[in-house]
Structure formats: structure tokens, C-alpha cells
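The values are calculated or read from the model by the stated rules, or taken from the named source; none is laboratory data. All values derive from a computational prediction rather than experimental measurement. Methodologically, a virtual Cβ is constructed for each residue, glycine included, from the backbone with ideal geometry; neighbour enumeration extends over all protein chains shown. Calculation scope for accessible area: heavy atoms of the full protein, side chains included, ligands and nucleic acids excluded. Shrake-Rupley method; radii C 1.70, N 1.55, O 1.52, S 1.80 Å.
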Amino acid sequence: MKIDLTDTTSSKINKALVQGRRAIGTPAVGMVLTLVLVTDEENAYDALKAANEASREHPSRKLVVVKRVSRSPRDRAKARLDAEVRVGVDAGTGETIVLRLYGEVIDHAQSVVLPLLLPDAPVVVWWPVNAPVDPAKDALGKLAQRRVTDSYAAEHPIEELTARAGTYVPGDTDLSWTRITPWRSMVAAALDQVACDVTSVEVEGEEANPSVELLAMWLADRLHVPVKRAVSSGPGLTAVRMETTCGPISLGRADGSLATLTIEGQPDRAVALKRRDTAELIAEELRRLDPDDIYASALRFGVHRLGDASEASPAEVPAKAADAPAAAQKKTPAKKAAAK
């Protein structure tokens, strides 16, 4: 069921929600969070589609904030709010409200969103594109416990990582980090199978891909070994090669779907490591809303230090351990550090 509201208010939108729930026979609200999507008209459809698929796992109220820039000075000065309320099969699991903001109300989106948040429920704000420089200080970001951005969608992804490190606040996260969860799991599982230490690492993937940089920074931060960044034609991440005291370990994925795990002295194994779509990434982010300290530590390691680490001698690299968290310094075996 869809209800269109033109030149409306948040109060009228709430009344339309109640009307819609009664009309479809589900007056109760069984949602666990509010997901706010801040996007433009061009990307609104794809973002909402991903959010609807993720809502099968996390029933939520989805507020899609679309800022419409008016062409004439007169229209830019006139504030207007149009809304589309969707309930039932048109809204996935939960409810959907598409908010189109015109004129001066664009600069006060939080005043429109605040009355529509579910009471006593977590709030997650997701910027599929055009994320603010400092999400935690953004007017909508201040309403959320979790702020999701995607540096891969930025014009300069690697510079975006550096900016994110400078403005990081607990609760911030990046879908470029979420994309490497299967890779981190496989690397940690591979190191758990051998009783040896890692001496150097090479991470291979597309140029200017923030997920590749984040994986390299995570390995350098947790293992305290030189990590070299290699460029391939992709797609995405293509290989992680580790030199250990027991022989080389490699995890390679040439086709974006099936990877091969190679460990010295063991037969090669095929591993399912497909590239995941946005709906899966958002669903993963909504599973836990507490701060991701491992992401924060990897992000703050710094992209610029990867080159330094690859050129440093093994004797110079452990000096970074003094800057690492105390918990990380206690994990002396390299494989235990990666497993964290």
C-alpha cells in the first residue's frame, strides 16, 4: 500500500503510517531499528532496494531522505516536503517513508526525520553516496548510533580513507571494510592451521580500491610485519600472499567468486569467496551496532604507512608495537593477532 503526501509535515506522515497499518490489518509495530538513507534521486532506487532486502533479516522503518535541489532562486527559498508512505508488500519487512526535501528544509533534514524515528530503538544512518566529511557531526549523523559510509563510492577513494581516519568516532563504519570480512576470516583460519609466524605479506587487488588498502592496513596493524601493496586488474581483491617461518601461504581469487587456499605441505583447497552485493553488506552491518575497534585501529594505521612498511627492514617494523593497543601487544604469535 502506498500513500502519497504533497507539501506535507511530519505529523501528517505519522498519521498516514497509522492509517496504512490499519488498512492492511497490522496495527502493531514489530520493527527493531530505524534505518535512515541519505541519498540523491539517482541512487535512491538501488539504495532502497538493498535496504528492503536487508530488512528481511532486520525488520526496520526505512526513512529515505532525498534532497532535491531546485533550479530557480525562488524555488530554493521555498521550503516543501513531499512524502511517500509505503506499508505492507510495498515496503519489504517493516515500513518505508520516502522524504523529498525542497528549498530551505534541505538544510534542516533532522527536524523532519526526528519525529519519524521509532521510539526506544537504535538509529542507523547510511550514506550510499556523497557522505559528509565528518559523519558524526552531521545533523542526521548526530541522531544515530551507527553511521555507515562507503569510501568506494567517493571520487577519490584512497583520500577518503585518510579523511575517515581523521574524523573517526566510535560508531562510524565503512562498507569497504565490510566487504573484506570473508577475506579476514579466511586469512585468520589459514594461520590457525600452522604453528609459525608471518614474516611478510603482499596484498594484491585493483588500483584505488579502498577494500584492498583496508585489508593491507589490517594485516600490517595486527601482524606488525612489512605489507606490500600490489596492483592487479581485479575484480576487487585478488590475492593475499604471506611468507611464514613454515613456508608460503596464499589465498588467491582470480574470478571474483572462487578462491584457492595454498598452504605449504597441504593440498590446495577451493574456497567460496564471492563478491557480495550491497544488501548483504548492509545486513551484516545491522547485526551489531557496537563500535568496531578493529576497524578503527586498521583505519588509523594509515594508507601512507603501507609503503614505509614494505620498505622497512624486519628489525624496524616492530617499533610500531609501542603505538599499538596494549591488548594487541600481548598477542605475540602473529597468527593470534590476525585471528582477532
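List the residues whose amide H sits under 5 Å from the amide H of Asp197, counting only those 5 or more places along or on another chain, with H placed 1.01 Å from N in the peptide plane.
Long-range HN contacts for Asp197: Thr245, Cys246.
Under the definition of Cα pairs under 8 Å and six or more residues apart, what whole-number percent is the relative contact order of the chain?
Computed over the chain, the figure is 15 percent.
Per the Kirkwood treatment, what hydrodynamic radius in Å, one decimal, follows for the range 226-268 from the mean inverse distance over all distinct Cα pairs?
11.3
What percent of all Cα-Cα pairs in the range 123-242 falls in each 10 Å bin, counting up from 0?
13, 41, 30, 14, 2
State the extension gain, in nm to one decimal, for the chain segment bounded by Ser111 and Gln193, taking 0.36 nm per residue of separation less the distance between their alpha-carbons.
In short, 24.2 nm is gained.
Just the accessible area for Met1, please: 1.4 Å probe, Å², rounded to the nearest 10?
Surface open to solvent at Met1 totals about 70 Å².
Taking N as the number of residues in the range 163-316, what is its Cα Rg relative to 2.2 N^0.38 Å?
In units of the 2.2 N^0.38 Å rule of thumb, it is 1.02.
Size of the range 1-157 along its principal axes in angstrom, Cα-based, largest extent first?
Each principal axis gives a Cα extent; for the range 1-157 these are 45, 36, 26 Å.
Based on DSSP H runs of at least 4 residues, each adding -39500 (n - 2.57), what is the mean residue ellipticity at 222 nm of the chain after dividing by all its residues, to the nearest 500 deg cm²/dmol?
Helix-only estimate at 222 nm: -10000 deg cm²/dmol.
Where does each of Ser11, Ser232 land when they are ordered by accessible area, with a 1.4 Å probe and the largest first?
Descending accessible area places them as Ser11, Ser232.
If you filter the range 20-57 for trypsin sites (Lys or Arg not before Pro), then keep DSSP loop positions with at most 14 other Cβ within 10 Å, what is left?
For trypsin sites (Lys or Arg not before Pro) across the range 20-57 that sit outside H, G, I, E and B with at most 14 neighbouring Cβ atoms in 10 Å, the list reads Arg56.
Working from the pairwise distances between different alpha carbons, so that the mean of 1/r is found and then inverted, what is the chain's Kirkwood radius in Å?
After inverting the pairwise mean of 1/r, the radius is 21.8 Å.
Find the centroid of the Cα atoms in the range 14-50 and in the range 102-118, then give the distance between the two in whole Å.
Here the answer is 15 Å between Cα centres.
Can you give me the distance in nm between label points at Gln266 and Thr245, each placed 7 Å from the Cα along the Cα-to-Cβ direction?
Result: 1.9 nm between the two label points.
On a 1.4 Å probe surface of the protein chains, which of Lys62, Lys137, Lys12 comes out largest in accessible area, and what is the full order?
Lys137, Lys12, Lys62
What ³J(HN,Hα) values, in whole Hz, does the Karplus curve 6.51 cos²θ - 1.76 cosθ + 1.60 give for the range 173-184 when θ = phi - 60°, with x put for Gly and Pro?
Values per residue, Gly and Pro as x: 8, 9, 5, 5, 6, 4, 4, 9, 4, x, 5, 5 Hz.
Looking at the range 84-167, which GluC sites (Glu not before Pro) are in a loop (DSSP not H, G, I, E or B) and have at most 16 other Cβ atoms within 10 Å?
Answer by residue number: Glu155.
Let me know the Kirkwood hydrodynamic radius for the range 167-218, please, with Cα pairs as the basis and the value in Å to one decimal.
12.7
Where does each of Val69, Val124 land when they are ordered by accessible area, with a 1.4 Å probe and the largest first?
Correct descending sequence by accessible area is Val69, Val124.
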